[in-house]
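Values quoted throughout were computed directly from the atomic coordinates according to the rules given, and no laboratory measurement underlies them. The shown structure was predicted, so the numbers you read here are calculated from the model rather than taken from an experiment. Virtual Cβ from ideal backbone geometry, glycine too; neighbours counted across all protein chains shown.
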Amino acid sequence: MVERHVDLESLARRCGEWLRGTGPQSDIVMSSRIRLARNLAEFPFISRASTGDRNEIEQALRGAVLDAGGAMRLDYLDVNQLEGIDRQFLVERQLISREHAESEGARGVAIDSGEQVSLMINEEDHLRIQVMHSGLDLRNAWTEISRIDDLVGERVTYAFSEKLGYLTACPTNVGTGMRVSVMLHLPALVLTRQIEKVFRSLQKINLAVRGLYGEGSQAMGDFYQISNQITLGKKEEQLVEQVGDVVPFIIDYERRAREALIKESHENLHDRVSRAYGILRTAQTISSEETMHLLSSVRMGVNLGLINDLEIPTINQLFIHTQPAHLQKLRGVELDTADRNIERARYLRRHLNKDDGRDSGQQN
């Protein structure tokens, strides 16, 4: 086993597979993600683990994960040794959770070059396996994560009960330990004020709705993650079907809302999109929150044919690259909030005015 380490500077400059907008229904479905929670039988859960336990768990799983992932050429990062900005960068990239970034002690993450596979060691559970695909692609994500789970499971002994299934730190994960989630871009349902009705319907069938970065996060840029709430008593295929069967209805609902906006208030919608695009191309200082809000309108405008000189992968990348840690990694220097807002505006001008001859990268 040869351990390869991640070059974060290089990672910051490229675009993960799930951001490329190439998957099915990718105008509305940003990504499909499946996550499995696993624990080692011979150690206590993380909340009760000693420093020594954590170290042993990290060492055991690091070896097992990298050995199992040989064909995938996984890279490994010691999260405990990373600076705060680097941990935040990985959160923005959806490669680790906020909890993993903010925790303490021995912990790490193994990722593949396409950023589709991420294995977090010593998060809430000893191991969190994550597979993320572009668009609505839950079936292929499930096939891939099942294979990885089996490979790791051949090298370690998981905590498992014949009665309950996989044992996990949080009772809601007991059973399969599976979370199936789809990230959707739903600006038209937000604009037409139908989004709350969708949420209520989902809650009735035990599906959770979260923001861009999962549990406890806000729905920035009109992005929402929809996932199963319960795993106990359900088979993995049932959970994939539960989420996969509902998402097409939400996609259709969003499409009809977009069509209604085009038909009933075309001028207002076009004006909203054009103003958003204009601000992003000319702003001298802009916050992350405002950028997400405006990019959401622009992304919808591109998908509706109201903007013709932009492509979806470019906008998807801007959503991530204008986040605080990404901006600082790309610039190569730490920046305070005011300087980040200036740098963010400069970055947006540079990438949105490439073809019209403007001097978009000039200093302010």
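Quick look at the values:
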quantity	calculated
Expected 222 nm ellipticity per residue - DSSP helices of 4 or more, -39500 (n - 2.57), all of the chain, to 500	-14500 deg cm²/dmol
Long pairs among Lys163/Lys235; Lys263/Lys354; Lys163/Lys234, criterion Cα-Cα beyond 20 Å	Lys263/Lys354
Cleavage-rule hits, GluC sites (Glu not before Pro), the range 120-198, DSSP coil, Cβ neighbours within 10 Å at most 11	Glu154, Glu162
Among Ser227, Ala68, Gln116 the positive-end extreme of the charge dipole of the chain (Cβ point charges)	Ser227
Principal semi-axes in Å for the chain [√(5λ), Cα gyration tensor, largest first]	36, 26, 16
Average Cα contact separation per residue, the range 266-352, under 8 Å, 6 or more apart, as relative contact order %	41
The range 1-88: GluC sites (Glu not before Pro) in DSSP loop, at most 15 other beta carbons within 10 Å	Glu3, Glu42, Glu83
Alpha-carbon centroid distance for the pair the range 236-262 / the range 121-143, whole angstrom	20
Total charge dipole magnitude, the chain, about the Cα centre, Cβ charges on Lys, Arg, Asp, Glu only, Debye to nearest 20	820
For Leu327, Leu164, order by how many other beta-carbon atoms lie within 10 Å, fewest first	Leu164, Leu327
Cleavage-rule hits (trypsin sites (Lys or Arg not before Pro)) in the range 149-182: DSSP loop, at most 12 neighbouring Cβ within 10 angstrom	Lys163
